[in-house]
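Let me begin by presenting the structure, written as structure tokens, before commenting on it.
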Amino acid sequence: MAYGAPGLTYIMAQYTAEVLWLRGEQGFLDNRYSRKHTFRFDGGAEVHGSSSPHIVPLPMSDASAVDPEEAFVAALSSCHMLWFLSLAAGQKFCVDRYFDAAIGVLDKNAEGKISMTVVTLRPEVIFSGDHLPTREQINRMHHEAHELCYIANSVNTEVRCEPVF
């Protein structure tokens, strides 16, 4: 099945990730085991993962590793950015830099369950060249990027975009 934005065609695809945790010599039944693990992706990238130290105290978590909540926020931010860059290129706006200091809030949702309730993207985009977008055009591209973002379309979390100018 093919689908996608005008000028771009996509086919249905599957995506894989491996998550590996090993107990090793540490205890387990006392619930004081290390939460450090490894994410492996099909392109060969490996990322150290752990529970958040906000949830599982040190030393059982690893503050230097990526926790699932951070990965979730990063996935939303990355997907939005990739769509924004595609839209900007399609309108012949040259992007030199895109920076987003995204923030996710873990809180109780309407059903009383702990969830990522709001993710706020704060993209700051620097353009160059003779053909520069207006604020209105930038806001429109951000709105369209949000509408097209596969990750944002896949979650119940409120995703806000507050561009920095």
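Here, each number is a calculation from the coordinates, and none is a lab measurement. No experiment lies behind these values; they were computed from the predicted model shown. Reconstructed Cβ throughout: ideal geometry from the backbone, glycine too, with neighbour counts over all protein chains shown.
What aspartates and glutamates sit close enough to residue 92 to cross-link, taking a C-alpha to C-alpha distance under 12 Å and skipping anything fewer than 8 places away on the same chain?
Counting by Cα, and skipping residues close in sequence, residue 92 has these aspartates and glutamates nearby: 130.
Neighbouring Cβ atoms within 10 Å as the yardstick, rank 38, 134, 120 fewest first.
Least crowded to most crowded, the residues run 134, 38, 120.
State the volume of the convex hull built on the alpha-carbon positions of region 68-161, expressed per residue in Å³ and rounded to an integer.
Working: hull volume 8.0 nm³, N = 94.
It is 85 Å³ per residue.
If you consider only alpha-carbon coordinates, what radius of gyration and Dmax does the chain have, in Å?
For the chain, the Cα radius of gyration and maximum Cα-Cα distance read 19.1, 64 Å.
Quick one: dipole size for region 68-161, taken about the Cα centre, charges +1 on Lys/Arg Cβ and -1 on Asp/Glu Cβ, in debye to the nearest 20.
That gives region 68-161 a dipole magnitude of about 80 debye.
Among 28, 72, 84, which one moves the most in a GNM of the chain with springs linking Cα atoms closer than 10 Å?
Comparing 28, 72, 84 in the GNM, the peak value goes to 28.
Distance between Cα centroids, region 95-161 to region 52-83: provide it in whole Å.
Centre-to-centre (Cα) distance: 17 Å.
Using Cα springs under 10 Å in a Gaussian network model of the chain, which residue among 147, 69, 25 shows the largest mean-square fluctuation?
Of 147, 69, 25, the most mobile in the Gaussian network model is 25.
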